[in-house]
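The values are calculated or read from the model by the stated rules, or taken from the named source; none is laboratory data. The shown structure was predicted, so the numbers you read here are calculated from the model rather than taken from an experiment. Here the Cβ positions follow ideal geometry from the backbone for every residue, glycine too, while neighbour counts run over all protein chains shown. Remember, those area values only see protein heavy atoms, side chains included, never the ligands or the DNA or RNA. Shrake-Rupley method; radii C 1.70, N 1.55, O 1.52, S 1.80 Å.
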Amino acid sequence: MSEALSAEAAPDVVEPEYPMARGRCPFDPPPELERRLAEEPVSRTKIWDGSEPWLFTRYEDVRALLRDPRVSADPGRPGYPPQSPGIAARRKRATSFIGMDDPEHATQRRLLTADFMVKKVERLRPRIQHIVDELIDEMLAGPKPANLVDAFALPLPSLVICELLGVPYADRAFFHRVSKVLISKEATPQQSLDAVEELLAYLRGLVEKKLTDPGDDVLSRLATGQVAQGTMTADEVASMGQLLLVAGHETTANMIALGTVALLEHPDQLDLVREGDPALIANAVEELLRYLTIVHTGRRRVALEDLEVAGQHIRKGEGVIAASDAANRDAEAFPDPDKLDVTRKARHHVAFGYGVHQCLGQPLARVELQVVYSTLYRRIPTLKLAVPLDELNFKNDMLVYGVHSLPVTW
């Protein structure tokens with residue numbers, strides 16, 4: 001083992017915190033992550049609180065780390081490397097199964113597994129198609145240029161997750177506002193705590209209403225099946241609902257908008273997608289998930305005991321970051337990884353994470369994206385950016401990468 005990688009050696013800190021800012025190409029990982037993947041696939045990195053977790057960038061190492069039960073996803077454990085002061089504060093207040101370890105994690109996750117099974121989600125495809133077509137109709141009837149984020153990318157997943165959870169879509173302005181705070185790296189601890197308290201209070205109120213007036217939705221089922229039986233509190237169900245509501249619309253909305261930018265900048269790939277072959281559309285979704293990897297702060301963990309990954313000794317209590325955006329550009333796993341190729345077989349990407357904590361809602365996200373990518377560019381074949389690429393405001397300040405707005409015309 002080289003001295004640079006030994007636990008006792010001084011950390012190699014090139015930037016003041018975990019690198020996130022993209023380089024000249026807004027679709028590629030930060031240059032520093034690309035350098036580490038090539039030169040130092042396992043190294044120390046300094047983050048905002050002064051701690052120096054281990055950073056893993058290779059595909060196989062990232063997968064090994066994320067499936068290892070000796071590392072914890074619990075942000076309350078000493079040594080866990082939080083993304084920002086605000087996110088650290090609010091995760092201490094609202095803990096859902098995403099921040100739990102087994103067996104508690106598995107127990108809560110199982111309560112939702114049936115709601116996101118592939119067969120059940122596939123039954124939503126006609127409804128999703130209807131929403132997509134309605135939103136496109138409204139956008140075409142409206143003024144040009146249009147903001148694709150507000151007119152299409154954000155409303156679609158918001159409406160779908162609202163219907164699934166039993167959250168009134170009429171309240172979308174409220175939960176869009178608090179969601180932006182919850183996924184912001186720049187929010188202060190107090191701002192994050194205020195936002196999480198607002199959202200928890202709102203969802204707790206919904207859960208309590210559904211105890212006496214249930215519907216055919218996830219929150220109603222959890223209220224009548226768990227809260228009413230005393231196995232979960234309304235606050236616990238609200239925390240679970242917060243995760244599903246925020247993740248259920250923010251991630252897909254950003255993939256719709258950023259995926260559109262990427263395809264518009266790669267017209268040869270857009271032509272293939274526009275043809276609409278279902279098998280190619282499915283491939284395109286996986287390739288865009290790999291190519292863009294919008295969860296760009298790394299998967300954060302902390303070692304529960306001494307262990308060795310990729311030849312590196314990790315001590316109990318040391319933080320680790322699995323850089324999924326770098327891993328998805330590893331040439332060992334994806335030949336010519338910096339090329340967007342919608343015909344590539346890329347489903348083995350780690351954009352949804354890996355192991356027991358991989359994204360529960362990935363079947364729903366896949367169906368939504370398949371419907372969007374097979375419809376939007378076919379129905380608006382002349383869709384184009386209304387401003388130059390370098391004028392777009394990319395989300396380097398958020399947990400989920402994308403664009404803050406997307407002016408388009410046709």
Rg/Rg_globular for the range 76-202, with Rg_globular taken as 2.2 N^0.38 Å and Rg from C-alpha atoms: 1.28
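Accessible area per residue of the chain at 1.4 Å probe, in Å²?
On the way: 16920 Å² over 410 residues.
Dividing the accessible area of the chain by its residue count gives 41 Å².
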In vacuum, with every alpha carbon of the range 249-362 counted as one equal point scatterer, what does the Debye formula give for log10 I(q)/I(0) at q = 0.10, 0.14 Å⁻¹? Two decimals, please. -0.36, -0.64
Over the range 194-346, what is the relative contact order in whole percent, taking alpha-carbon pairs under 8 Å and six or more residues apart? 19 percent
For the chain, with all protein chains present and a 1.4 Å probe, just round the carbon and sulfur fraction of the accessible area to a whole percent. 52 percent
Quick check on the chain: helices-only [θ] at 222 nm, where DSSP H runs of length 4 and up contribute -39,500 (n - 2.57) each and the sum goes over total residues. Nearest 500, please. -14000 deg cm²/dmol
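Over the chain, what is the relative contact order in whole percent, taking alpha-carbon pairs under 8 Å and six or more residues apart? Spell out each step's value before the answer.
Values: 695 pairs, mean separation 103.3, N = 410.
So the answer I get is 25 percent.
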Quick check: from the Cα gyration tensor, does the chain come out rounded (a/c under 1.5), prolate or oblate? oblate
Sorted by average packing, counted as other Cβ atoms within 10 angstrom per residue and highest first, what order do 176-187, 154-165, 116-127 take? 154-165, 176-187, 116-127
I need the semi-axes of the equivalent ellipsoid of the range 351-410: take the C-alpha gyration tensor, multiply each eigenvalue by 5, square-root it, list largest first in whole angstrom. 27, 19, 6
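Net charge within 15 Å of L304 by Cβ-Cβ distance, Lys/Arg positive one each and Asp/Glu negative one each, not counting L304 itself?
Values: positive: R67, R70, R77, R300, R301, R315, K316; negative: D68, D74, D101, D102, E104, E305, D306, E308, E318.
Around L304, the charge tally is -2.
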In a Gaussian network model over the chain where Cα atoms closer than 10 Å are linked, find which of Y291, Y169, Y18 has the largest mean-square fluctuation. Y169
Determine, at each q value in 0.16 (inverse angstroms), the log₁₀ of I(q)/I(0) that the Debye formula gives when each Cα of the range 315-403 is one equal point scatterer. -1.03
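Let me check against my output: what whole-number percent is the relative contact order of the range 140-261, with C-alpha pairs under 8 Å and at least 6 apart?
Normalised by residue count, the contact order of the range 140-261 is 36 percent.
How would you classify the range 41-94 from its alpha-carbon gyration tensor, with a ≥ b ≥ c the square roots of the eigenvalues: rounded for a/c under 1.5, else prolate if a/b is greater than b/c, otherwise oblate? Provide the component values of the computation, followed by the final result.
On the way: a/c = 2.51, a/b = 1.45, b/c = 1.73.
Oblate, because a/c is 1.5 or more while a/b does not exceed b/c.
How large is the Kirkwood hydrodynamic radius of the range 58-119, in angstrom, based on all distinct alpha carbon pairs? Before the final figure, lay out the partial values.
Working: mean 1/r = 0.0742 Å⁻¹.
About 13.5 Å for the range 58-119.
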Total charge dipole magnitude, the range 33-167, about the Cα centre, Cβ charges on Lys, Arg, Asp, Glu only, Debye to nearest 20: 380 debye
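Which of the three applies to the range 175-270, rounded, prolate or oblate, going by the alpha-carbon gyration tensor with a ≥ b ≥ c and a/c under 1.5 meaning rounded? Could you put the intermediate results ahead of the total?
Details: a/c = 3.81, a/b = 1.76, b/c = 2.16.
The shape class here is oblate.
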